[in-house]
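Let me begin by presenting the structure, written as C-alpha cells, before commenting on it.
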Amino acid sequence: SAGDGLVAPSVLGVDLASNEVAHANRRASERGYSSNRIRFVQGDIERLSTSLQSYGRSFDVAISNGAFCLIPSKRLAFENVFEVLRPGGRVAISQTTIKSDGLDPKLEWPVCMRMFATLESLQPILEEIGFENVKVVDANSPMEVELPIDESEDDTGAARAKIHGKVEQY
C-alpha cells in the first residue's frame, strides 16, 4: 500500500514492431490490466537507452526470451540494456547460439542463423560492459528442425529447402 513505502510493481514491454506493441497493449487491456501497471512501447534494443530516455536507469530487471539471437549487434544491445538497469539490476536472456567452430561455410545458412553469437563470446562481452556475476548457461539442447511433409510435397524436400534458404542439412 502507499502508506508502507512500497511501490506497486509495473512491467514495460518493448518491441520493434508497432503492430506487436498495439496487439500486446490490447491484450493487456482486455485482461483488465491498467496501463500504469503493464504497458508496451515501440523501441529498438540497439537504441534502448534513447527509446527509454525518460525512464533513466530505473529498471530492476530486463528479460528477453528468444529475441537477442536476431539482433545484429549483440554488444550494442547489451550496452543499452546495461544503461537502463538500476545499479544492481538483473538481466536474463535466453537465446540461440552456435558452436565455437561456427557454421559450415559450404552451406547457405538462413540470415537469422548467421546472426547467432557463439556461446563463448557472450560472457566476455557482458563483463566488458560492466555486468557482474555473469552466468552463461548452456542448455545443451541442439537445434533440431523437422517440418512435416505436406501431402503435395515429394520426398525431395524442395519446399523445406525453400523455407530454410537451400540448406540441405543443419
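The values are calculated or read from the model by the stated rules, or taken from the named source; none is laboratory data. What you see is a predicted model; the values in this text were computed from it and never measured. Glycine gets a Cβ as well: all are built from the backbone with ideal geometry, and neighbour counts include every protein chain shown. The protein model used for the area step is the full one, side chains on, heavy atoms only, and it has no ligands, DNA or RNA in it. Shrake-Rupley method; radii C 1.70, N 1.55, O 1.52, S 1.80 Å.
Of note:
- The residues listed here are Val81, Val91, Val61; of these, the one that is surrounded by fewer than 16 Cβ atoms within 10 Å (Cβ to Cβ) and hydrophobic (A, V, I, L, M, F, W, C) is Val61.
- Residue check for Gln53: open to solvent by 40 Å² or more (accessible area, probe 1.4 Å) and at pLDDT 90 or above: no
- Checking each residue of the range 8-21 against the condition of being small (Gly, Ala, Ser), more than 30 Å from Ser121 (Cα to Cα) and surrounded by 12 or more Cβ atoms within 10 Å (Cβ to Cβ) gives at least one match.
- Residue match in the range 12-19 (condition: part of a helix (DSSP H, G or I), in contact with a Phe, Trp or Tyr (Cβ under 9 Å, 6 or more places away or on another chain) and not aromatic (Phe, Trp, Tyr)): no
- Filter result for the condition that a residue is at pLDDT below 90, closer than 30 Å to Gly13 by Cβ and exposed (fewer than 12 other Cβ atoms within 10 Å of the Cβ), over Glu132, Glu151, Glu128, Glu144: Glu144
- Odd one out for Val41 among (1) in contact with a Ser or Thr (Cβ under 8 Å, 6 or more places away or on another chain); (2) part of a loop (DSSP other than H, G, I, E, B); (3) open to solvent by less than 80 Å² (accessible area, probe 1.4 Å): (2)
- Candidate set: the range 98-121, residues that are open to solvent by 90 Å² or more (accessible area, probe 1.4 Å) and within 15 Å of Lys74 (Cβ to Cβ); chosen: the one modelled with the highest pLDDT: Glu120
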